[in-house]
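Since every read-out is calculated from the coordinates, none of them should be taken as a lab result. The structure presented is a predicted model; accordingly, all values stated were derived computationally and were not measured. For neighbour counting, all protein chains shown are included, and Cβ atoms are generated from backbone atoms with ideal geometry for every residue, glycine included.
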């Protein structure tokens, strides 16, 4: 395991993970157009239907041939591809890398229960059929250390091509929104998420800015003291009352609770 950790660390250092060549500015719901390629680890996970592929979820490139997404984004009955280097989905811009996913390249957490999203473990890994070509518009994400917990109010960003509002349209351009972290003590209050939120999750945002359908599986991007970014969350669920509901922050799978599973899955496949 130590050898694996060292190898992953060397890959991350060599690729400069978490350091966008195009700095993010400072829709997702009430968000804004992201600076093109400022979240270079963001991917579009797409499924095949009727001979063409359609965006279904976001994802995060964590190794040249591995993408992290949500468990609820994956179905063994569907055929997937991943698009890297994407910004405006309505235009062929040039940097896009379209990589197929083989049926045996889907790894959903063994404790994920599709009938109980609030039970947690909403995380999956997708092995690409070939490695991504890394550059200024396609880069690896940095993951946080195991067990790392963000403080209340930490300024993280959600990014994705999810609906601009409840039942609204999907945007062409990648959206971002500032979602400050809501710590477990606040998020688990009875009039907030109560027992629906677990300590293996991260809450972020509030009633004005949030994730929405189509953002699922995408990253919660959080700054570090040294100026890099770490992906602390995998977008999991919002309130059934609407994407931006008071006292119902967007809920993410906490990546730092699953480091061992991520490392073991990659090492064994």
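Here are the numbers for the structure shown:
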quantity	calculated
Directionally averaged shadow of segment 88-219, computed from the convex hull of its alpha-carbon atoms, nm²	10.2
FRET efficiency, residue 77 to residue 226 (Cβ-Cβ, R0 41 Å, nearest 0.05)	0.40
Burial ordering of 252, 22, 237, fewest other beta-carbon atoms within 10 Å first	22, 237, 252
Difference of contour (0.36 nm per residue) and Cα-Cα distance, residue 111 to residue 185	24.2 nm
Alpha carbon Rg of segment 166-269, scaled by the compact-globule rule 2.2 N^0.38 Å	1.13
Likely footprinting exposure, 228, 60, fewest C-beta neighbours within 10 Å first	228, 60
Taking the convex hull of Cα positions in the chain, its mean projected area over all directions (nm²)	13.2
Neighbour-count order for 163, 89, fewest beta carbons within 10 angstrom listed first	89, 163
222 nm mean residue ellipticity, helices alone, for the chain (DSSP H n ≥ 4; -39,500 (n - 2.57); rounded to 500)	-3000 deg cm²/dmol
